[in-house]
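What follows is calculated from the coordinates using simple rules that are stated; it is not laboratory data. The structure presented is a predicted model; accordingly, all values stated were derived computationally and were not measured. Reconstructed Cβ throughout: ideal geometry from the backbone, glycine too, with neighbour counts over all protein chains shown.
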Amino acid sequence: MDTEFVFDEGELEKVNRFTRSDVTAEEVYAFPVVLCDNEIDRDGERFSVETLKQLAELFVGKTGIFDHDPKGGNQTARIYECEVRQDAERVTSCGEVYSFLYAKAYMMRTEGNRDLITEIEGGIKKEVSVSCSVGRRICSVCGSDREENPCGHIKGKSYGGVICCDILEEASDAYEWSFVAIPAQTEAGVKKHFGSEGNDDTAVLKAELAREREVSGRACDLLKREIMALSFMVRPIMAVEVVKALTEKMSFDELEALRGRLKAQCVQDEADGGELFGERVKGSANGQFKL
């Protein structure tokens with residue numbers, strides 16, 4: 001099934017606001033993309049809904065490039081429409097209704113863009129990241145402006161049930177959006193759209209987001225299991241409760257980093273003369289290992 005927008009005259013008119021001469025629907029390739037949202041990202045930051053609304057206006061007309069490399073030769077697409085959408089059935093980790101910046105971008109069907117269009121359609125070129133400027137970074141725990149009054153709260157740590165993150169406020173400019181390999185925001189990227197303009201594609205987008213969350217959740221669960229196993233192999237042994245609490249709110253990247261550190265510690269323990277898998281404690285009733 002085709003994931004491309006079906007243009008009508010109104011849709012094409014929006015694109016032609018940015019062209020030097022009017023183009024036809026046959027000359028244009030367009031696609032929807034989620035630029036960012038109000039969920040905590042891999043950097044421990046999130047946009048407020050108000051900031052998303054500001055960015056919705058700022059990103060109209062902005063160019064799409066690769067890896068945030070601001071070369072003219074990297075320009076490949078342009079956003080012609082942008083708005084904030086919500087999923088009323090989903091709540092973020094901070095207790096807000098899930099909101100995201102939904103944009104429509106276009107590029108010309110040229111010989112040079114043929115392979116890129118094929119990669120977008122095939123799901124190879126998908127993940128995106130935004131580059132913008134904000135005036136304030138607010139601590140979600142105490143409300144302090146991080147730039148003016150560093151408070152010492154650590155991003156990713158929970159304080160009285162509140163996850164610490166930086167809330168990005170007062171968007172002043174949007175520079176560009178880029179195709180990247182690993183975006184800071186896990187759900188930012190090209191999305192599917194079926195049918196003509198006017199059809200409600202919210203259900204399609206929600207289903208795709210749900211599939212992505214499911215895959216991400218499975219990967220994190222596997223990493224947590226491996227981390228739990230490694231925690232019994234390092235010195236000193238990490239308590240089960242500590243490991244569970246430590247990994248509960250970690251992102252995929254954070255889990256990978258922790259697994260790497262534990263593996264390195266196991267190798268170091270072995271090099272220091274210990275047995276990698278330890279030796280059983282004599283007379284132990286619970287089968288624990290002594291390292």
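Excluding Ile79 itself, calculate the net charge of residues whose Cβ lies under 12 Å from the Cβ of Ile79, where each Lys or Arg counts +1 and each Asp or Glu counts -1.
+1
Expected output is a single nm value to one decimal: the length gained when fully extending between Ile154 and Arg90, i.e. 0.36 nm times separation in residues minus the C-alpha distance. What is it?
20.4 nm
Cut-off is 10 Å between beta-carbons; in what order do Tyr80, Tyr159 appear when sorted fewest neighbours first?
If I rank by nearby Cβ atoms, fewest first, I get Tyr159, Tyr80.
Could I have the simple spin-label model distance between Val97 and Asp115, label points 7 Å from Cα toward Cβ, reported in nm to one decimal?
Computed distance between label sites Val97 and Asp115 equals 4.5 nm.
Can you find, among Val162, Ser133, Tyr106, the residue farthest towards the positive end of the dipole of segment 105-185? Put +1 on the C-beta of Lys and Arg, -1 on that of Asp and Glu.
Of the options given, the answer is Val162.
Over 18 Å between Cα atoms, which of Lys53/Lys104; Lys14/Lys125; Lys126/Lys249; Lys104/Lys126; Lys224/Lys244 qualify?
Lys14/Lys125; Lys126/Lys249
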